[in-house]
Amino acid sequence: PSIAHDIRVAAHRAAIDAAVRARTIARVYYTSLAFAGDSAAAVMQAHRDTEAYLRASGLAWTILREGINSESWPLYFGFWAAPREEGDGSEEVLVPHADGGVAWASREDLGEGTARIMVDVSGPSSFFPDRILWC
């Protein structure tokens, strides 16, 4: 519901707590972000804190550290309007970066990848221990 750390973590904890109370949840799949572990950004820290809460919950879990979905780019650029040369008709926006490119993926592709992982790793917990997967 928000990119604010406290709001995100509270919502995630509420979902995890509900799964614990239900006592019928075989496994929780949590979609995190690929670089949640070492980022200083509040949204990434929220993922890191949720991952820790899930690991301590007693539930069987799989954490999927996905790439950045391409539909979220306005959040990262502050709804920045790219400067364009007048009359060039270009739809391309070049964003400077120092550490290499950004691996954007569509929500549809991330969703399909997540669904395939869920189908492939569902089954007896003894065969699929708790783990973190990078997508």
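The values are calculated or read from the model by the stated rules, or taken from the named source; none is laboratory data. Computed from a prediction, not measured in an experiment: that's the story for all the values here. Cβ atoms come from the backbone with ideal geometry, glycine included; neighbour counts cover every protein chain shown. When the accessible area is computed, the model is the full protein with side chains, heavy atoms only, and any ligands, DNA or RNA have been set aside. Shrake-Rupley method; radii C 1.70, N 1.55, O 1.52, S 1.80 Å.
Among the numbered conditions (1) part of a helix (DSSP H, G or I); (2) at pLDDT 90 or above; (3) of a type in the set (S, T, N, Q), the only one that Gln45 does not meet is (2). Once the range 12-51 is narrowed to residues that are without any contact (Cβ under 8 Å) to a residue 12 or more places away in the chain, aliphatic (A, V, I, L, M) and open to solvent by 60 Å² or more (accessible area, probe 1.4 Å), the residue that is farthest from Met118 (Cα to Cα) is Ala40.
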